[in-house]
Structure formats: C-alpha cells, structure tokens
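Chemist: Got a structure for you, questions after.
The values are calculated or read from the model by the stated rules, or taken from the named source; none is laboratory data. Note that the structure is predicted; figures quoted are calculated from it, not measured. Positions of Cβ are backbone-derived with ideal geometry, glycine not excepted, and every protein chain shown enters the neighbour counts. Note: areas computed on protein heavy atoms with side chains; ligands, DNA, RNA excluded. Shrake-Rupley method; radii C 1.70, N 1.55, O 1.52, S 1.80 Å.
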Amino acid sequence: MLDEITQFKFRLRLYLSVFGVAAASFFSALQYSRGETITATISFLGGIYFILVIYLMIHKRHYLWKGRGFLFFIPITILNIIYLQPSFGIYWAYVGVVSFFLVMELKEASLGALAFISAVFYLAYPHYPDYVLYRIYGTILLVGLFTFSFSYLIERLHERINQIATHDSLTNTLNRYTFNTSIEKALNEFNRYQTPATLLLLDLDHFKKINDIHGHQTGDYVLKKVSDLLLDRLRSSDQVFRYGGEEFAILLSQTKLDIAVQLTEELRTMVESHDFKIGKSVTFSGGLSEVQEGDWVTSWLKRCDQALYQAKEDGRNKIVKN
Ligand SMILES: Nc1nc2c(ncn2[C@@H]2O[C@H](COP(=O)(O)OP(=O)(O)OP(=O)(O)O)[C@@H](O)[C@H]2O)c(=O)[nH]1
C-alpha cells in the first residue's frame, strides 16, 4: 500500500514531465513562429528541464530539485500568457494553482501557489470590471484552498499509513517487515563501502512468569517500558525492532563489536535497575554479532541467535558476543 502510494506519486510526476516536454515544444514552436523570441526561449528551456527530470527519474530514480525547477517555467509561462492575453489567459491560472500541488512537496507548493495567486490577481486587476474580478478572485482562491486541503489530507494519511506499516503498535519500535529491509540494507552497505554494523538480539528473561503472575496487561506495560528505555538511550541512527513476542533486535549502524558490547552492557544494567513496580527487576539476555565478509542475512542472524542461546544457557541477564 505504502509503496503503491509512493510509486503512484512518482509515476504521476513522470507523466506530468512528459506532458511538460510536449507542451513546451508546442508552445515554443508557436511562440517562435509569432516572433515572441523571449517567451519561446523560456518554453524551450522548460522543455530541456523536463527532459532532464525524466532522464534522472528513469535512470537514477531521482526527482530533480524536488520539482522546484517547475517554478521557473510553468507559473512564469502562465503569468506571461495572462499578461499578454488577459481575456483568455486567466483560465490557465486555475491549472497553474493545481499543478503546484502535483509536482512539489506540500509546504513549498503552498508558498509557491500563494505567490502565484498574488501575481495573477495583480495582473488581472486592470483588465476586468469589479463584478467579474471578484468572481475570478473568489474562484481561484477556492480552487487553491480545496487543492491544499486534499493535498494536506493525503499527506497526513500517507504519514499515518507509513507509521502503521513500519511500526509495532504496542511498543512503537520498528516491526519485523522493516527489520528485513533494514538488515539487507546494512549488509549491502557493508559489502559496498565496508560500513561496520552490529546486530543485537535481546530477549527478556522469564517473561512468561511476568504474564502469569501479574497478568497480560502488566506484561504489555513491561514490553512498552523496556522499548521506551531503549529508544530513549539509543541514537536516532540506531534502529530498534520488535523481533518477536518478548524479543527485540537492535541494529547498531557504524558500530563495531567492542563498542556494541559496552553499549549493550549499559542497556542491560539500565533495564535491570529500572523499577517496573512488579516487585522484582526485569532483565534480558543478549546475543551480539558484527557483520563479516561473506555474510548473508541468515548467517549473520544465526551467529546472533547462537550468542543469545549461549547467554540464556549461561544463566540469563548476560551478554554474549559471537
Ligand atoms: N503481555 C504480552 N506477552 C507476550 C507478548 N508476546 C509474547 N508474549 C509472551 O511472552 C512469553 C514468552 O515466553 P517464553 O518464550 O517461554 O520465554 P521466557 O518466559 O521469557 O523465558 P526465557 O526467554 O527462556 O527467559 C509467552 O508467555 C508469551 O505469551 C505480548 O505482546 N504481550
């Protein structure tokens, strides 16, 4: 769902850029034949810009300047048309307002559209009687307001779906789906740039007893609190995942094994010394392993699993590296 929305946005911007090339070529030729050399040159440069946008989108999956280059061509061309031919040029103002929200990010699109609307109002002012002018102003403002509202709603929904798709609803840590993609990415970065990374698998000790003695709600509270402690302590570049029921995974990017061991010891004592108000301390066991030459996701995970198993075997509340 999430990928579909992102891909739809990407494709829409690609098709609009193709349309931009066609429109720019047509208008450039037309304007040139009419002797409007300056306008023809702007349209021509617009066409080149859109070709560049399309090229980078197809070959690099990159959206040039986040669509900002659009500002220099479409709005300026429309304003120019309104200036030269106010009686029919004004119709393009509506298209101009909407197009900001299709090609740019919401904040920049809103500011751009506001500046554009002000310029349209200024250019239209001397050419229409009051009763027509107010209708033009009113309808352009409403189109701007409605388009902004829809775009705002879509952006909020997108953020919400993103949060639901990537996070665990109880603990607010990242979920298993995100774990798979993140671990692949860490492995690729190691293979390509030798960027170190250490993975920690962490399992709460005797968690079943907490559930059995204090009830599921208290169990949930403990899981949530442990996650909060971990998230508060770690850097934003580190990623905490809920790997299973009472098992977490922490991906420490740019971190070598020895540093990771020190950090995990700190996390272990932090959780152990926290008062969960259940009459005894909560502890965890952890298995650590750094990514190595020739690793696959499975081999890296297997080493962590073995280390975690060893930590449990050694009496729990322990950290083992592998
Ligand atoms: N409250 C709560 N409990 C959960 C959740 N997910 C898993 N559990 C419980 O976690 C417990 C895990 O039990 P075990 O796998 O035996 O592990 P343990 O009791 O921690 O024992 P060791 O790992 O060997 O130290 C089970 O009772 C699960 O029901 C959850 O989301 N909320």
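Chemist: Taking R0 as 35 Å, what's the FRET efficiency between residue 98 and residue 193 from their Cβ-Cβ distance, rounded to 0.05?
Modeler: Working: r = 42 Å, r/R0 = 1.21.
So the FRET efficiency works out to roughly 0.25.
Chemist: Extending each Cα 7 Å along its Cβ direction at residue 159 and residue 145, get the distance between those two points in nm, one decimal.
Modeler: It is 2.3 nm.
Chemist: Can you tell me the 0 to 90 degree angle between the C-alpha axis of helix 176-193 and the longest principal axis of the chain, rounded to 10?
Modeler: For 176-193 against the chain, the angle is about 80 degrees.
Chemist: Moving to a separate point now. Can you tell me the relative contact order of region 1-113? Whole percent, Cα pairs under 8 Å, sequence separation 6 or more.
Modeler: Details: 88 pairs, mean separation 23.5, N = 113.
Taking the mean separation of contacting Cα pairs over the length of region 1-113, I get 21 percent.
Chemist: Let me ask something else about it. For the chain, what does -39500 (n - 2.57) per DSSP helix run (n ≥ 4), summed and divided by total residues, give at 222 nm, in deg cm²/dmol to the nearest 500? If you can, show how the numbers build up before the last one.
Modeler: Details: 12 runs with 222 residues, N = 322.
Mean residue ellipticity, 222 nm, calculated: -23500 deg cm²/dmol.
Chemist: If you add up the charges near residue 61, with Lys and Arg at +1 and Asp and Glu at -1, over every other residue whose beta carbon is less than 14 angstrom from its beta carbon, what do you get?
Modeler: Details: positive: 9, 11, 13, 60, 66; negative: 3.
Surrounding charge for residue 61 is +4.
Chemist: Per 0.36 nm of contour for each residue apart, how much would the distance between residue 131 and residue 276 grow if the chain were fully extended, relative to their Cα-Cα spacing? Can you show the working numbers first?
Modeler: Working: separation 145, 0.36 × 145 = 52.20 nm, distance 7.01 nm.
Using 0.36 nm per residue and subtracting the Cα-Cα distance, I get 45.2 nm.
Chemist: Also: State in Å² the accessible area per residue of region 2-166; use a 1.4 Å probe, count heavy atoms of protein chains only, and round to the nearest integer.
Modeler: Working: 10260 Å² over 165 residues.
It amounts to 62 Å² per residue over region 2-166.
Chemist: Here's another thing I want to ask about it. Can you pull out the GluC sites (Glu not before Pro) in region 272-312 whose DSSP state is coil and whose Cβ has at most 14 other Cβ atoms within 10 Å? Intermediate results must be reported in sequence, preceding the final value.
Modeler: Numbers: sites: 272, 290, 293; in loops: 293.
Those that pass, being in a loop and sparsely packed, are 293.
Chemist: Based on the mean of other Cβ atoms within 10 Å per residue, sort peptides 220-229, 95-104 so the most packed one is first.
Modeler: On the way: 220-229: 17.7, 95-104: 21.2.
In decreasing order of mean packing, 220-229, 95-104 become 95-104, 220-229.
Chemist: Roughly how much of residue 313 is accessible, in Å² to the nearest 10, using a 1.4 Å probe?
Modeler: The accessible area of residue 313 comes to roughly 120 Å².
Chemist: Amide H of residue 321: which non-local residues (sequence gap of 5 or more, or other chain) have their own amide H closer than 5 Å, using H built in the peptide plane?
Modeler: 288
Chemist: Given the options 149, 179, 165, identify the residue whose Cα lies farthest towards the positive end of the charge dipole of region 93-191 (+1 on Cβ of Lys, Arg; -1 on Cβ of Asp, Glu).
Modeler: After comparing all options, I get 149.
Chemist: Between the helical axis of 37-60 and the dominant principal axis of the chain, each derived from Cα atoms, what acute angle in degrees is found, rounded to the nearest 10?
Modeler: 20
Chemist: Just flag the chymotrypsin sites (Phe, Trp or Tyr not before Pro) in region 248-301 sitting in loop per DSSP whose Cβ has no more than 14 other Cβ atoms within 10 Å.
Modeler: Values: sites: 248, 276, 284, 296, 300; in loops: 276, 296.
Sparse-neighbourhood loop chymotrypsin sites (Phe, Trp or Tyr not before Pro): 296.
Chemist: Need one number: % antiparallel among DSSP beta bridges in region 176-321, to the nearest 5.
Modeler: Values: 18 of 21 bridges.
Roughly 85 percent of the beta bridges in region 176-321 run antiparallel, per DSSP.
Chemist: If one takes the longest principal axis of the Cα atoms in the chain, at what angle in degrees, from 0 to 90 and to the nearest 10, does the Cα axis of helix 106-124 lie?
Modeler: That works out to roughly 10 degrees.
Chemist: Give me the percent of the accessible area of region 2-166 that comes from carbon and sulfur atoms, probe 1.4 Å, all protein chains in place. Before the final figure, lay out each step's value.
Modeler: Values: 7410 of 10260 Å².
Its accessible area is 72 percent carbon and sulfur atoms.
Chemist: Right, next: As a test of reading the structure, rank 216, 158, 62 by solvent-accessible area (1.4 Å probe, protein chains only), most first.
Modeler: Numbers: 216 130, 158 35, 62 90 Å².
My answer, sorted largest first, is 216, 62, 158.
Chemist: Could you work out how far the C-alpha centroid of region 7-84 sits from that of region 145-168, in angstrom?
Modeler: Computed from Cα coordinates, the inter-centre distance equals 28 Å.
Chemist: For the chain, rounded, prolate or oblate, judged on the Cα gyration tensor with a ≥ b ≥ c (square roots of eigenvalues), a/c < 1.5 rounded, else prolate if a/b > b/c?
Modeler: Prolate is the answer for the chain, as a/c is 1.5 or above and a/b outweighs b/c.
Chemist: Also, I was wondering about something else. Pulled fully out, how much extra length does the chain show between residue 213 and residue 14, if you take 0.36 nm times their separation in residues and subtract their Cα-Cα distance?
Modeler: Details: separation 199, 0.36 × 199 = 71.64 nm, distance 5.84 nm.
Extending this stretch completely gives an extra 65.8 nm.
Chemist: Pulled fully out, how much extra length does the chain show between residue 298 and residue 107, if you take 0.36 nm times their separation in residues and subtract their Cα-Cα distance?
Modeler: 64.5 nm
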